[in-house]
Amino acid sequence: MTDNGHNKIVVAMSGGVDSSVAAAMLKNQGHEVIGISLQLWNYSWDTDHRFGTCCSLDDLADARRVADRIGIPFYILNMEEQFKEKVVDYFVGEYLEGRTPIPCTACNKKLKFDELMRRAEEYGYDYIATGHYASIVQDASGRYTVKRGEDRNKDQSYFLFDLSQEQLARILFPLGEIDKAEVRRLAGDLELNVAGKAESHEICFIPDNNYAGFIEGYVEETVFQPGDIVTREGEVLGTHRGYPGYTIGQRKGLNLGGLSEPYYVTAIDPAQNRVVVGPKGDLFRDEFTVGDVTWSLDFCEPFEAEVQIRYRHQAVPGWVTPMPGGRASVALEYPQPAITPGQAAVFYRDDCIAGGGWIE
C-alpha cells in the first residue's frame with residue numbers, strides 16, 4: 001500500500017462488462033491503473049467473429065474502447081503460443097486420458113495470473129485485478145483464501161481454488177461484494193460500450209461448443225478409433241466413434257436402442273478403448289479421492305466441509321481427510337451423480353475455500 005492509500009494496479013481486461021467495470025471502479029478510487037488483454041487464440045480464420053465467446057478479436061477491440069473511455073493505458077499481449085501449450089494441449093491431453101478438464105482454471109493459474117504478475121513486476125505495479133465474482137480474505141494466521149462472491153448466481157470462486165498464497169496476496173477482485181445487476185448499472189452510468197454486452201459461455205477456442213470435433217481435428221487420426229460401449233459387467237451394447245468424444249454423465253449420442261431405461265456414460269477406459277454405460281443409479285457415488293490438492297487453510301486432520309464437484313453443482317456436506325502426497329479422500333453425506341475425473345472438488349468452510357484438488 002502506498003502512502004496515500006492508492007496502488008498501481010494491472011487489470012486483466014477481457015472485453016466483457018465485468019472486467020471493464022472492475023477497471024473503472026479502481027480508476028475512480030484513485031488507483032493508478034493500466035489495462036492488459038491477452039490475445040490467446042488465432043481467430044484470423046473466423047469470418048463470423050464469434051460474438052458471445054471470450055477473448056476474441058472483437059473482445060480485444062471492446063477492451064481498448066473501454067480503456068480509452070475511462071482514461072487508462074491499454075496493452076495487448078500476444079500469448080497464443082503459451083496458451084496452446086499450457087491450456088489447449090492440457091485440454092486435449094485430459095480427454096485422451098479419459099478425464100474431463102476445466103480449461104478456464106488452467107488459463108487462470110498458468111497464464112492470466114502468472115503472466116500478469118510477471119508483467120506487473122516488470123512495470124513496477126503492486127497488484128493485478130480481474131472481474132471475477134469472488135473475494136480474497138485472510139484468516140487469523142494470515143493465510144489468504146478465496147471467499148464466494150456476494151452474487152451467488154455468478155460466484156466464480158470454484159475456478160480459483162488452486163491459486164497460491166503468493167498469488168492471492170497480490171490479486172484484487174473488485175466485484176466480489178456486488179451483484180451482476182449492479183455491475184450492469186455501473187457500466188450504463190459510465191457509458192461503457194460493453195454495458196449491454198451478452199455473457200460468454202463457450203470455451204474461447206471451441207466457439208461452436210463441439211468438443212469432440214475440436215479434439216478429433218487436433219490430434220492424429222489414429223486416436224479416434226471406434227470401440228465398444230459396454231456395461232460395467234462387460235456386456236457389449238454398441239459402438240462408439242472414439243472415446244475422447246464422451247464424458248461422464250453423458251446420455252445423448254450413445255445410439256443405444258432396445259433398453260428398458262436411459263443409459264448414461266459412467267466411466268471411460270482409454271486403455272481398452274471402451275466407454276462404460278449404465279442406468280442413472282450407476283452414476284451416483286459418495287466417496288472419491290482427489291490429487292494435486294492446494295490448501296488455502298491449514299488442515300492435517302479430517303474436517304467437515306461443503307464440497308462442490310463442478311461449477312454449477314450445489315455443494316453438499318462431507319468429510320475431507322488429508323492424505324500424503326498432496327491428496328485427500330472425500331466422503332459425502334449424500335451420494336452425487338457424475339463425479340468426474342479431471343474436474344475439481346473444492347472444499348468450503350463458511351463460504352471460504354479451505355482447499356481443493358482434481359478428482360481422480
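The values are calculated or read from the model by the stated rules, or taken from the named source; none is laboratory data. On a predicted model such as this, the values are computed, not experimentally measured, just so you know. Cβ sites come from the backbone with ideal geometry, for glycine too, and all protein chains shown count toward neighbours.
Before moving on, here are some points about what is shown:
- Highlighted here would be helices (runs of 4 or more DSSP H) found entirely within the range 79-149 that include at least 2 residues which are in contact with a strand residue (DSSP E or B) (Cβ under 7 Å, 6 or more places away or on another chain) and of a type in the set (Asp, Glu), but there are none.
- Flag if residue 163 is under 19 Å from residue 13 (Cβ atoms), of a type in the set (A, V, I, L, M) and touching a residue at least 60 places away in the same chain (Cβ under 8 Å): no
- For the range 144-164, the set of residues classified as of a type in the set (S, T, N, Q) and either at pLDDT 95 or above or surrounded by 20 or more Cβ atoms within 10 Å (Cβ to Cβ) (or both) consists of 145, 156, 157, listed by residue number.
- Within the range 315-360, being free of Cβ contacts under 8 Å to residues at least 40 places away in the same chain, closer than 15 Å to residue 286 by Cβ and either touching a Lys or Arg at 6+ places or on another chain (Cβ under 8 Å) or in a loop (DSSP other than H, G, I, E, B) (or both) holds for one residue alone: 315.
- Taken as a whole, the condition of being at positive phi and under 28 Å from the mean Cα position of the chain (by Cα) applies to residue 249.
- Qualifying residue in the range 191-202 (condition: within 30 Å of residue 225 (Cβ to Cβ) and modelled with pLDDT under 95): yes
- Residue in the range 275-293 that is nearest to residue 348 (Cα to Cα), counting only those that are in contact (Cβ under 8 Å) with a residue 40 or more places away in the chain and outside any strand (DSSP E or B): 283
- Residue in the range 221-243 that is in a loop (DSSP other than H, G, I, E, B), within 24 Å of residue 107 (Cβ to Cβ) and either of a type outside the set (D, E, K, R) or touching a residue at least 24 places away in the same chain (Cβ under 8 Å) (or both) present: no
- Residue within the range 269-288 that is aliphatic (A, V, I, L, M), under 26 Å from the mean Cα position of the chain (by Cα) and surrounded by fewer than 18 Cβ atoms within 10 Å (Cβ to Cβ) present: no
- Tally of residues being of a type in the set (A, V, I, L, M), under 21 Å from residue 40 (Cα atoms) and surrounded by 11 or more Cβ atoms within 10 Å (Cβ to Cβ) across the range 188-211: 3
- Scope the range 12-44; condition part of a loop (DSSP other than H, G, I, E, B) and not hydrophobic (A, V, I, L, M, F, W, C); matching residues: 14, 15, 16, 29, 30, 31, 42, 43, 44
- Residue 258, sole failed condition from (1) in a loop (DSSP other than H, G, I, E, B); (2) on the phi < 0 side of the Ramachandran plot: (2)
- Pairs are defined by a Cβ separation below 6 Å, a sequence spacing of at least 6 or placement on different chains, a first member in the range 86-111 that is farther than 19 Å from residue 40 by Cα, and a second member that is in a helix (DSSP H, G or I); the pairs so defined are 95/215; 95/244; 96/244.
- Annotation: residue 158 fulfils all but one of (1) of a type in the set (Ser, Thr, Tyr); (2) within 25 Å of residue 7 (Cβ to Cβ); (3) part of a helix (DSSP H, G or I); the unmet one is (2).
- In the range 87-101, the condition of being of a type in the set (Gly, Ala, Ser), surrounded by fewer than 17 Cβ atoms within 10 Å (Cβ to Cβ) and out of contact with any Leu (no Cβ under 6 Å at 6 or more places or on another chain) is met by at least one residue.
- Residues within the range 250-263 that are touching a strand residue (DSSP E or B) at 6+ places or on another chain (Cβ under 7 Å), of a type outside the set (Lys, Arg) and over 17 Å from residue 96 (Cα atoms), tallied: 4
- Which listed residue is under 27 Å from residue 16 (Cβ atoms) and assigned to a loop (DSSP other than H, G, I, E, B), from 203, 248, 215: 203
- Residue selection: residue 116 satisfies the criterion of being aliphatic (A, V, I, L, M), over 22 Å from residue 354 (Cα atoms) and buried (at least 21 other Cβ atoms within 10 Å of the Cβ).
- If you check 233, 216 for being out of contact with any Leu (no Cβ under 7 Å at 6 or more places or on another chain), among the acidic types (Asp, Glu) and modelled with pLDDT of 90 or more, only one passes: 233.
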